[in-house]
Structures are given as structure tokens and as C-alpha cells.
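Worksheet: one structure, shown below.
Laboratory data are not the source of any read-out in this text; all were calculated from the coordinates shown. Keep in mind that this is a model prediction, so the values were computed, not measured. Neighbour counts are summed over all protein chains in view; Cβ atoms, including those assigned to glycine, are modelled from backbone coordinates with ideal geometry.
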Amino acid sequence: MSQFSAALFRAALGLLRALFTSPCGRHHRRRSSRVRRYAANPGPAVRPLPSAAPRLAEPRETFPADDLPLVRPYYTAHEQARARSRAHSRAQAEATARLERWTAPRIPAPRIGEGDLLAPTPPPVTFDDLADAVRRWQAQQTRQAQQTHPAPQDRRSTAGVGA
């Protein structure tokens, strides 16, 4: 433990010594503190006025536009590159469609019945319809209660037999 403490104190002491000693090496030199004289600011530069732009001479010959080849080689190369790109994208689309046909699931399309299957049954229209619906609901609740909780058996008949 003492060797670790000594190493820690040695590093801290080296840091303090470096903070309080003057710098040495290439950082030791300072810039000169005297003021340097700079060249005097010259006055505004005098530029000669630009002469009028030279006029182009009239063409010696005139050529009809039908005789000139208007399509240059780089236009032709650009059109060929676009055609290759379109052919490549068309082939890519065909390959993707073929792959989707091969890997498509073989599940038949679902048959959907007519009408809204999730719609609730229409509410009763008359009082008699309401009464019938309530009776059906009560009968259903009774059946469910009997299935989950069977009726207890009568204990009086078996009370004296085993005693």
C-alpha cells in the first residue's frame, strides 16, 4: 500500500513542480514585445477604364440547320445509357414478379359472406320481442350457471347409512 501512495505523491509533486517552474524547450521563446512597423497604406489604386468589348465579326458563311449534325456523341452515349438502364430495370421488375409468383403462399382467398359480419344483432322492435330476448338471455344464464356449479345432492338420504 505504501508503494502505491508513494507513486501517487510522486506524480502529484511532479505536476505541481511543472506548474510553478518556467517553461523550457521550444515553448520558452517569447515573441518580441516591440512594435513592428508596417508598410504605409497605399492610396486608392487607379485603374484604367475598360475598353468596349470587342465586336465579333459577322460569319463568313451561313449554314442551313438541316445540314448540321445536331446530335453530338455524348448525347448519343447518354441516350444509350438510359436505354440500357430502362432495360435493366424492366428485367429486374420481371424477375421480382416471377420470384413473388414462385414464393406466394398457396392459401386460397377467403370467402366473405354477405353483409356486415361484425355488426350486432338489431335491437328488438316491440315489447314482445324485448320480452322474448330477456327470457332467452335468462335461460342462457341459467344453463351456464348449472354447467359451472352443479346442484348439491340431498344429504338427508345418506346421513344415517354410514354412521
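Run the quick spin-label model on ALA77 and THR103: label points 7 Å from Cα toward the beta carbon, then report their separation in nm to one decimal. It works out to 3.8 nm between the two label points.
Taking 0.36 nm per residue of separation and subtracting the Cα-Cα distance, what length does fully extending ALA18 through ALA52 add? Mind showing how you got there, number by number?
Details: separation 34, 0.36 × 34 = 12.24 nm, distance 7.03 nm.
Gain on extension, ALA18 to ALA52, equals 5.2 nm.
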